[in-house]
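Below is one structure; the comments refer to it alone.
The values are calculated or read from the model by the stated rules, or taken from the named source; none is laboratory data. Because the structure is predicted, anything quoted here is derived from the model rather than measured. As a convention, Cβ positions derive from the backbone with ideal geometry for all residues, glycine included, and neighbour counts pool all protein chains shown.
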Amino acid sequence: MNLSLTQIKTQFQELGIKSTIPRVVIYQSLAKAMHHPSAEEIHLSIQKKYPGVSLATVYKTLDMLVQKSLASKVVTDEDKVRYDSKMEPHIHLYCEKTQKIMDYDDQELAELIAGHFTKKGITNFKINRIQVNIKGESKTIKNK
């Protein structure tokens, strides 16, 4: 997802977030990432152009983005936290060999899981978001 500075500033304004240059640049870096980057990877990606942005600022900004539902955390088997700006329901396919995380869109599966809660009478728990992580080894994966 490639967001313009105007789109990011508008989103921030709607959520009451102050649009500082570091925040905007960090969110833009996360949003355009083709994988699920760690805070360190985001920090490295912006260092050439914005050397004054510290790793601590990246962490604080990512935490704020998660709190404001503009990003989510994805924890790997190595307990490494990665970040995702895609907030629509989707599945994470985690390759145990390469430690890469790929998105797989399957609305039918999300509906199946939500329907399972209803079918089983689980009424004392409200689903806000479904995040499924499937582990295996990657080959070429295509959405049907």
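Some observations on this one:
- Candidate set: the stretch 6-27, residues that are in contact (Cβ under 8 Å) with a residue 12 or more places away in the chain and out of contact with any helix residue (DSSP H, G or I) (no Cβ under 6 Å at 6 or more places or on another chain); chosen: the one nearest to MET64 (Cα to Cα): ILE17
- The stretch 73-90, subset of a type in the set (Lys, Arg) and part of a loop (DSSP other than H, G, I, E, B), residue farthest from the chain's Cα centre (by Cα): LYS80
- Flag for TYR59 being within 27 Å of PHE12 (Cα to Cα) and either assigned to a loop (DSSP other than H, G, I, E, B) or not assigned by TED's automatic domain parsing to the domain that holds GLY16 (or both): no
- The residues on offer are LEU65, LEU109, LEU93, LEU70, and the sole one that is modelled with pLDDT of 85 or more, part of a loop (DSSP other than H, G, I, E, B), surrounded by 14 or more Cβ atoms within 10 Å (Cβ to Cβ) and not polar (S, T, N, Q) is LEU70.
- Here is the figure for the stretch 40-56: residues that are of a type outside the set (A, V, I, L, M), surrounded by fewer than 16 Cβ atoms within 10 Å (Cβ to Cβ) and assigned to a helix (DSSP H, G or I) total 2.
- Residue within the stretch 14-26 that is among the small types (Gly, Ala, Ser) and assigned to a helix (DSSP H, G or I) present: no
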